[in-house]
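Below is one structure, written out as structure tokens; the observations come after it.
The values are calculated or read from the model by the stated rules, or taken from the named source; none is laboratory data. Treat the numbers as computed from the prediction; the structure is a model and nothing was measured. Reconstructed Cβ throughout: ideal geometry from the backbone, glycine too, with neighbour counts over all protein chains shown. Note: accessible area is taken over every heavy atom of the protein model, side chains too, but ligands, DNA and RNA are not part of it. Shrake-Rupley method; radii C 1.70, N 1.55, O 1.52, S 1.80 Å.
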Amino acid sequence: MEFNVPTSYGSSPKGCPLNTPMSAPGVMARKGGEKLAMVTAYDYPTALLAAKSGMDIILVGDSLGMVVLGHDNTLSVTMDIMVHHCLAASKGAGNSLLVADLPFGSYQESTAQAVRNAARCLSQGHAQAVKLEGAAQVDAVRQMVSSGIPVQGHVGLTPQHVAAMGGFKVQGKTAQAAQRLLEDALRLQDAGCFSIVIEGVPSPVGAMITKELDIPTIGIGAGPHCDGQVLVMHDLLGLFDRFTPKFVKRYAELGSLAVEALQAYRDGVRTGQFPGPEHQFAMPEGEKEKL
Ligand code: KIV
């Protein structure tokens, strides 16, 4: 499917032309320029909404395990699930850069496993880049990048480490912990990442890492000084109610709107008001009488 959606980077001081498909180098060129807007999407309709709204980056996040599949955390998302959702999202992603999250267990075993699964996200999921959590796999990142796979890093609160962190907890609260996060981010940059997501850290830590890196940072619960922001679409649209992290701004309450619409449909069915004449097919003149 082809369509040109107006992108939000038309007026970028770095001069990215209107309606140009976003790319990993295009993201890097935005360091210190117009802020990058990134959102998750998990299938064709949600990616289409994101693309039509002019998102720079669409992430098929493993958060789909929670907000789409209803699990308590992201750990049960598999490569097959990721590829399935990514391919669907790719049909609607338009000019936005489509990034696939490498799921838990798909890149920790070896560099070969990581590169194979990252390549699968591109060849079968039609993603244009992958994201992985933490800095333990920098060798794999280096190998992916030299194989032509753009990689986005992710430091701070990394949900795939929920067991080790003892829950979804803010990271980098001490100067020493913040310094370790900066070192992780620098190692990822050195390995070739084109950008880094920073999640769940105090705002001064988000600012400090952003200042020290040459590549853009994209924050989620990391304060306003990052080079961009990312949110989970179901959180910002009010489609996920189980809990709302402090860093989420709910821009709409589509969940309640949907329930109202569904209730109206249910009532229409029960009272016989639906389907109305405008939703019915007529028979050619004279045929009805022969029934
Ligand atoms: O899986 C996800 O949605 C993410 C974002 C929160 C960055 O990793």
Checklist outcome for this item: Per DSSP loop assignment and a cutoff of at most 15 other beta carbons within 10 Å, the chain keeps its longest run without exposed trypsin sites (Lys or Arg not before Pro) at 92-168
Checklist entry - So what are the ³J(HN,Hα) numbers for segment 151-167, from phi and the Karplus equation (6.51, -1.76, 1.60; θ = phi - 60°), rounded to whole Hz, Gly and Pro as x? => result 10, 9, x, 7, 10, x, 6, 9, x, 5, 9, 4, 5, 5, 7, x, x
Next on the checklist: Show me, bin by bin at 5 Å from 0, the whole-percent P(r) of the chain based on Cα pairs.
Outcome noted: 1, 6, 11, 15, 17, 16, 12, 6, 4, 3, 3, 2, 2, 1, 1, 0, 0, 0
Next on the checklist: How much of the pair distance distribution for segment 94-212 lies past 19 Å, counting alpha-carbon pairs only, in percent?
Outcome noted: 45
Next on the checklist: What number do you get for segment 206-290 when its Cα radius of gyration is normalised by 2.2 N^0.38 Å, N = residues?
Outcome noted: 2.08
Checklist outcome for this item: Computed for segment 219-274: size of charge dipole around the Cα centre, +1 on C-beta of each Lys and Arg, -1 on C-beta of each Asp and Glu, debye to nearest 20, value 120
Item to check | Accessible heavy-atom area order of Tyr44, Tyr265, highest first, probe of 1.4 Å | outcome: Tyr265, Tyr44
Next on the checklist: In the chain, once you exclude exposed GluC sites (Glu not before Pro) (DSSP loop, at most 14 other Cβ within 10 angstrom), what's the longest stretch remaining?
Outcome noted: 110-252
Checklist outcome for this item: Mean separation of Cα contacts under 8 Å (at least 6 apart) over the residue count of segment 209-279, i.e. the relative contact order in percent, is 18
Checklist entry - Over the chain, what is the relative contact order in whole percent, taking alpha-carbon pairs under 8 Å and six or more residues apart? => result 14
Next on the checklist: Can you tell me which of Leu75, Leu262, Leu236 moves the most in a GNM of the chain? Springs connect C-alpha atoms under 10 Å apart.
Outcome noted: Leu262
Checklist outcome for this item: On the accessible surface of the chain, probed at 1.4 Å with all protein chains in place, carbon and sulfur together account for a percent value of 57
Checklist entry - Residue-wise, which Karplus ³J(HN,Hα) couplings in Hz belong to segment 211-222, taking 6.51 cos²θ - 1.76 cosθ + 1.60, θ = phi - 60°, and x for glycine or proline? => result 5, 7, 8, 8, 9, x, 9, 10, x, 9, x, 10
Checklist entry - Can you pick out the pairs among Lys31/Lys246; Lys169/Lys246; Lys31/Lys91; Lys52/Lys131 whose Cα atoms lie more than 18 Å from each other? => result Lys31/Lys246; Lys31/Lys91; Lys52/Lys131
